[in-house]
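Visitor: Below is one structure. I have some questions about it.
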Amino acid sequence: MAPVILELDRFPEQARQVVVSTGQHREMLQQVLDVFRITPDHRLDVMLPGQTLAQITSRVLERLDPLLADLKPDLLLAQGDTSTTFVASLAAFYRQIPVGHVEAGLRTENRYDPFPEEMNRRLTGSLADFHFAPTSEAAANLKREGIAGERIFEVGNTVIDALLEVASRDYRFEDERLDRITADAPRLLLVTAHRRENLGAPLRRICAAVREIVQNTPDLQCVFQMHKNPEVRNAIREELGAESRVELVEPQEYVPWVNLMKRSTLVLTDSGGIQEEAPALGKPLLVMRETTERPEGVAAGTAKLVGTDPRRIVAEATRLLADPAAYEAMSRAVNPYGDGQAALRIREVLFRHFHVA
């Protein structure tokens, strides 16, 4: 959402903007706010240790509703597929406030994969008035669900706007380990794994695959970013803590993370956003999930869906690391997720609708 906020900030006479943070993923959020110099006007601070999805849902609704009643905005913008996005849209609906959904139309067609994100997306889509789809396939998904074409706007993904701006900055890692690894390692394997559907045995299979890839490739250094979830961290440490060429690191702030992707050779992930970010930087990507809500990357050849079977992960990674032609074909495939101008297009749509000169 940062590029949209910054784009609207360029027009203070035409649009009054109020930024609200629910506090979901507070630590990860703050460093991104710092990077883009964004200060929320309101912080709802909904998070409690160990709270359930139902508790997040009810707390966001209870705290956002009086704020909307007071502000009476002409529009609420929400981005992505978090519980915050869905509940904010629901709160706006209860107050009959129009909703704009940024990154609309992503689907896996499996309501439990990813969970709860797939249903968050669908429910937000049912409530939204403006659907800012990142790709033509996302726009087509919305049309199939009965959304009127005049309410769907194919704009690209704001994730790419943010990524390209940050990637263009000069950077040196403050973490001495990462500075050394990125400078010295002939080739770098970057890994993340954290999704709910991969907890337990699937995550351990992923770790087994990473171990085998590293052991079979003498010039390869791995950086494995560990999620804050204790179940994820414990499994990764147990499986990979003894591997000398696997560096286990804390969740990175946005700028160092972008630069890790920028300097990597190959990326393995079960994340959603990274499926768009890595290809935008020309990095081949293996998606360790059974389904993806971003099939455009698979169709374009920038990403490959490999699931969590260690044999398949190892085979595909080894092929890319050993076959220059296969690597080149994937790294040069055209990224389908945007050109860095999505926020500008969103602002133009809104200004036309509200007759803002």
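The values are calculated or read from the model by the stated rules, or taken from the named source; none is laboratory data. Keep in mind that what you see is a predicted model, and the values were worked out from it rather than measured. With ideal geometry, Cβ positions are generated from the backbone for all residues, glycine too; neighbour counts draw on all protein chains shown. In case anyone asks, the SASA skips ligands and DNA or RNA and just uses the protein heavy atoms, side chains included. Shrake-Rupley method; radii C 1.70, N 1.55, O 1.52, S 1.80 Å.
Visitor: State which residue pairs qualify: first residue of a type in the set (Gly, Ala, Ser) and inside the range 317-329, second residue part of a helix (DSSP H, G or I) in any location, beta carbons under 8 Å apart, and separation of 6 or more residues or different chains.
Guide: Going by the 8 Å Cβ cut-off, the qualifying pairs are ALA317/ALA209; ALA317/ILE213; ALA326/ARG319; ALA326/LEU320.
Visitor: Quick one: which of ALA315, ALA326, ALA333 is in a helix (DSSP H, G or I), surrounded by fewer than 19 Cβ atoms within 10 Å (Cβ to Cβ) and either in contact with a helix residue (DSSP H, G or I) (Cβ under 6 Å, 6 or more places away or on another chain) or hydroxyl-bearing (Ser, Thr, Tyr) (or both)?
Guide: The conditions single out ALA326.
Visitor: Among the residues of the range 128-152, which ones are more than 22 Å from VAL298 (Cβ to Cβ) and open to solvent by 50 Å² or more (accessible area, probe 1.4 Å)?
Guide: Within the range 128-152, ASP129, GLY146, GLU150, ARG151 meet the criteria.
Visitor: State all residues of the range 336-357 that are open to solvent by less than 50 Å² (accessible area, probe 1.4 Å) and modelled with pLDDT of 95 or more; if no residue qualifies, say none.
Guide: Residues satisfying the conditions are ALA342, ALA343, ILE346, ARG347, VAL349, LEU350, PHE351.
Visitor: How many of the residues in the range 10-24 are touching a Lys or Arg at 6+ places or on another chain (Cβ under 9 Å) and not aromatic (Phe, Trp, Tyr)?
Guide: 6
Visitor: When you go through LEU77, LEU71, LEU44, LEU6 one by one, which is the residue that is over 17 Å from PRO116 (Cα atoms), touching a residue at least 40 places away in the same chain (Cβ under 8 Å), in contact with a Gly (Cβ under 6 Å, 6 or more places away or on another chain) and of a type outside the set (D, E, K, R)?
Guide: One residue alone meets the criteria, LEU77.
Visitor: Scanning for something within 28 Å of GLU293 (Cα to Cα), free of Cβ contacts under 8 Å to residues at least 40 places away in the same chain and not in a loop (DSSP other than H, G, I, E, B), does the range 18-25 turn up at least one residue?
Guide: Checked against the condition, which is being within 28 Å of GLU293 (Cα to Cα), free of Cβ contacts under 8 Å to residues at least 40 places away in the same chain and not in a loop (DSSP other than H, G, I, E, B), the range 18-25 yields at least one hit.
Visitor: Look through HIS42, HIS25 and report the one residue that is open to solvent by 70 Å² or more (accessible area, probe 1.4 Å), of a type outside the set (D, E, K, R) and either under 22 Å from GLU253 (Cα atoms) or at pLDDT 95 or above (or both).
Guide: HIS25
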